[in-house]
Amino acid sequence: MHIGAFYFPVDYGIDMVELAPALEERGFESIFLPEHTHIPTNRRSPFPGGGELPKKYSHTHDPFVALSFAAAATKKLRLGTGICLIPERDPIVTAKAVASLDQLSGGRVEFGIGGGWNVEEMENHGAQYKTRFKLMRERILAMKAMWTQEEAEYHGDMVNFDKLWSYPKPKQRPHPPILLGGETDYTLRRVVEYCDGWFPRPSRDGNIRHEVERLHKFARDAGRDPKTLSISVFRAPTNKDTLKQYADAGVDRAVLEIPDGTRDEILKVLDTYAPLLR
């Protein structure tokens, strides 16, 4: 099982050019960065974690720009979005950003995606909360067409374009792995239909084998080979015994959270995580 890291790339935090090599030197397999284009000040949408929205949510760099710096400073580190808010992104522009990063990094991109929770944030982009998953599906299918077809076209209810040329194509074929975040049965159906992996948070009861079997059952019921789907657990516990249970259950990647702290605090945390990688 691989061990990755998750970090909010804030403008007041550790420089990505220092963080990415520090992860690679310690043996981390990947880094995942979240996305919030902005945070509307009215705060109508409650923070899913409860309480006030942490400062870091409104101070993030663009994930593709930050990952480009991480790519230039490393050799093997996988570069993930965790997650990219697809309802807030033009699919033609996003397809080019993903393919460009994958080409320039030598095929190291993991494309984590999701629908988002902040209603007013997505509304500023012209998306609606109640149709965000339909929009996400069509945009992902359209991007897959652009990555895999010489003359791509897509005609849906919410995304529609005639034949076009879109280059570069991704280094990874047919495209970088698409990992969908979430834990509901609806999420699992979407994973099986048009994604390459599942990106859940840890289950409340801690029964990881049950969660793995949930995904595999949905795959088998849909006629898809469960072996074609990866599992990356987001904000995985930093406990050696629990991580061993994850590995034994067939989890492909555990993603550990890097806290919102100073440069020195973050590097100390990485050192405490290092034994878990062994």
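The values are calculated or read from the model by the stated rules, or taken from the named source; none is laboratory data. Fair warning: this is a prediction, and the values are worked out from it, not measured in the lab. Counting neighbours? That spans all protein chains shown, and the Cβs are built from the backbone with ideal geometry, glycine included.
Restricting attention to region 218-245 and to residues that are assigned to a loop (DSSP other than H, G, I, E, B) and of a type outside the set (D, E, K, R), the residue that is nearest to Asp271 (Cα to Cα) turns out to be Thr238. Pairing residues of region 266-278 that are outside any helix (DSSP H, G or I) with residues that are modelled with pLDDT of 95 or more, at Cβ distances under 6 Å and at least 6 apart in sequence or on separate chains, gives no pairs at all. Scanning region 31-70 for residues that are charged (D, E, K, R) and assigned to a helix (DSSP H, G or I) gives Lys55, Lys56. Residues of region 143-196 being assigned to a helix (DSSP H, G or I), surrounded by fewer than 18 Cβ atoms within 10 Å (Cβ to Cβ) and of a type in the set (Val, Ile, Thr), which ones? The answer is Thr148, and nothing else.
For region 14-30, filtering for residues that are of a type outside the set (A, V, I, L, M), surrounded by fewer than 15 Cβ atoms within 10 Å (Cβ to Cβ) and in a helix (DSSP H, G or I) leaves 2. Exactly one residue among Phe199, Phe234, Phe161 is touching a residue at least 60 places away in the same chain (Cβ under 8 Å) and touching a Pro at 6+ places or on another chain (Cβ under 7 Å), and that residue is Phe234. Residues in region 158-212 that are over 19 Å from Val233 (Cβ atoms) and among the polar types (S, T, N, Q): Asn160, Ser166, Gln172.
Exactly one residue out of Thr74, Thr60 is modelled with pLDDT of 95 or more, in contact with an Asp or Glu (Cβ under 6 Å, 6 or more places away or on another chain) and polar (S, T, N, Q): that is Thr74.
Of the candidates Asp248, Asp205, the single residue that is assigned to a loop (DSSP other than H, G, I, E, B) and without any contact (Cβ under 8 Å) to a residue 60 or more places away in the chain is Asp205. Across region 107-142, the number of residues qualifying as in contact with a Leu (Cβ under 9 Å, 6 or more places away or on another chain), in contact (Cβ under 8 Å) with a residue 60 or more places away in the chain and part of a helix (DSSP H, G or I) comes to 1. Within region 131-142, the presence of at least one residue that is among the hydroxyl-bearing types (Ser, Thr, Tyr) and surrounded by fewer than 18 Cβ atoms within 10 Å (Cβ to Cβ) is confirmed.
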